[in-house]
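Okay, structure first, notes after.
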Amino acid sequence: MTAMRGCWGGISVTGYPGSREVTLAIEKGEVHGMCGMGWVSLSMEHPDWVASGRVRILAQEDLKGHPEVNRMGVPLTIEFAKTDEDRQVMELIYSQNAFGRPYVLPPGVPAERVAALRQAFTAAPHDRNLLEEAAKMRFDVEAMSGEDLQALTGRLFALPAKISERAKQVLIYKGPGN
């Protein structure tokens, strides 16, 4: 079995360049685990793996988890935080999942333009045609409002410096045995 290194939000198995190679190695029996593969990717690329028992999802690296995986009773890793500080570090790191791929505007954009864009983005996940197409491709459609994203950003920037420093240190790969 290839050694797994810590991975906060990314596929990470030492010696393999990406998820395609790791999943092939799992199929060949070279690797017996991985972390960082999202539910949508797993269910799209290998829809039979969970049902057949080829893989078991041990934990979710996320703030709230995927609804389908939550229904399976899979815990969130953040539930295992031993201290408030540990929880804050994990929340900071996992917030990248909440952000997804945000659209940002520079300072000085008129408020009515910001409001119009936010309204359009808020409406998109409720568009029937979009949802039908996404369902055909087995994509999840989920959005965070601009106001909620702005509030999350404010909370993250208000965290003590020691929290962001610990998060940086956790994300540095140190190699096996370190």
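The values are calculated or read from the model by the stated rules, or taken from the named source; none is laboratory data. Nothing here was measured: the structure is a model prediction, and the numbers come from that model. Because the Cβ atoms are built from the backbone with ideal geometry, glycine has one as well, and the counts that use them run over all protein chains shown.
When region 29-69 is filtered for residues that are closer than 18 Å to Phe80 by Cα and among the charged types (D, E, K, R), the ones remaining, listed by number, are Glu61, Asp62, Lys64. From Ala143, Ala135, Ala151, grab the single residue that is touching a Pro at 6+ places or on another chain (Cβ under 8 Å) and not assigned by TED's automatic domain parsing to the domain that holds Leu63. It is Ala143. Is it fair to say Val109 is part of a loop (DSSP other than H, G, I, E, B) and loosely packed, with under 12 Cβ neighbours inside 10 Å? Answer is yes for this residue.
Selection of region 146-159 for residues being without any contact (Cβ under 8 Å) to a residue 12 or more places away in the chain and surrounded by 10 or more Cβ atoms within 10 Å (Cβ to Cβ) yields Asp148, Gln150, Ala151, Thr153, Arg155.
Scanning region 68-106 for residues that are in contact (Cβ under 8 Å) with a residue 24 or more places away in the chain and aromatic (Phe, Trp, Tyr) yields Tyr94, Phe99.
Would you mind stating whether Leu76 is touching a Gly at 6+ places or on another chain (Cβ under 7 Å), surrounded by 12 or more Cβ atoms within 10 Å (Cβ to Cβ) and more than 24 Å from Lys136 (Cα to Cα)? When the stated conditions are applied, Leu76 passes them.
Being in contact with a helix residue (DSSP H, G or I) (Cβ under 7 Å, 6 or more places away or on another chain) and either surrounded by 11 or more Cβ atoms within 10 Å (Cβ to Cβ) or not hydrophobic (A, V, I, L, M, F, W, C) (or both) narrows it down to one of Ala143, Ala123, Ala115, so name that one. Before you say what the answer is, go through the steps one by one.
Details: Ala123 fails: in contact with a helix residue (DSSP H, G or I) (Cβ under 7 Å, 6 or more places away or on another chain); Ala115 fails: in contact with a helix residue (DSSP H, G or I) (Cβ under 7 Å, 6 or more places away or on another chain).
It is Ala143.
Considering only region 129-153, state which residues are hydroxyl-bearing (Ser, Thr, Tyr) and part of a helix (DSSP H, G or I).
Thr153
Residues in region 154-167 that are farther than 19 Å from Pro107 by Cβ and not in a loop (DSSP other than H, G, I, E, B): Arg155, Ala161, Lys162, Ile163, Ser164, Glu165, Arg166, Ala167.
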